[in-house]
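Enquirer: Mind looking over this structure? Questions follow.
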Amino acid sequence: MMLPKKLFYAVEAVLYIAYNAGRGPITGRDIAERQGLPSRYLEQLMQKLVRGGILRGVRGPHGGYLLAKERRRITVGDICEILNDKDDELNGHIATPLGDTVVMPVWEAAQKQTVDYLKQINLADLCEQAFNKHIRRDSEEKMDFAI
């Protein structure tokens with residue numbers, strides 16, 4: 001079972017903001033360029049995350065996105081729940097007794113286990129993993145200059 005691409009890109013974008021938090025607001029355009037995505041596509045996801053309380057939008061010429069709360073208080077599961085497509089859920093539209101009584105409980109159990117697992121992983125954990133894997137922050141890359 002694969003999670004939707006939009007969840008992958010959204011988690012990566014929020015992690016990018018968390019990992020590079022010291023440099024101020026980060027524009028959606030910057031993140032979209034790094035991910036190789038159209039900025040309009042990513043902006044839609046980012047706006048949902050703002051409305052869901054994961055990100056905070058900053059307006060103005062130096063605007064962009066910041067985390068709305070501490071890294072340790074945002075889980076991958078939180079991001080997934082906000083971006084979950086409610087139109088894609090079954091919501092009791094099972095037409096057969098076999099689907100309703102046999103398949104649906106399996107589906108619900110798998111979904112619950114996935115969500116429970118993702119709720120255990122917070123952005124602070126992921127930032128620590130990135131640091132331990134020697135992934136440079138943007139602020140470190142931009143400090144290379146000569147006088």
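The values are calculated or read from the model by the stated rules, or taken from the named source; none is laboratory data. As the structure is a prediction and not an experimental result, all values here were calculated from the model. Cβ: placed from backbone, ideal geometry, glycine included. Neighbour counts: every protein chain shown. Note: areas computed on protein heavy atoms with side chains; ligands, DNA, RNA excluded. Shrake-Rupley method; radii C 1.70, N 1.55, O 1.52, S 1.80 Å.
Enquirer: Which percent of the accessible heavy-atom area of the chain goes to carbon and sulfur, probe 1.4 angstrom?
Expert: That share works out to 54 percent.
Enquirer: Oh, and also: Rg and Dmax of the chain over Cα atoms: what are they, in angstrom?
Expert: 18.2, 75
Enquirer: Using a simple spin-label model with points 7 Å from Cα along the Cα→Cβ vector, what separation in nm is obtained for Lys119 and Met104?
Expert: Roughly 2.2 nm, to one decimal.
Enquirer: What relative contact order, as a whole-number percentage, does segment 1-141 give when Cα pairs under 8 Å and 6 or more residues apart are counted?
Expert: 29 percent
Enquirer: If you count, for each residue, the other Cβ atoms within 10 Å and average over each peptide, how do 120-126, 34-40 line up from highest to lowest?
Expert: My ranking of the peptides, most packed first, is 120-126, 34-40.
Enquirer: Continuing with this model, one more query. Measure off 7 Å from each Cα along the Cα-to-Cβ vector at Ala68 and Glu128, then give the distance between these two points in nanometres to one decimal.
Expert: 2.5 nm
Enquirer: Given a Förster distance of 25 Å, report the FRET efficiency between Arg40 and Asp138 from their Cβ-Cβ distance, rounded to the nearest 0.05.
Expert: 0.65
Enquirer: With every protein chain present, what is the per residue accessible area of the chain (1.4 Å probe, Å²)?
Expert: Spelled out: the 1.4 Å probe surface of the chain, per residue, equals 70 Å².
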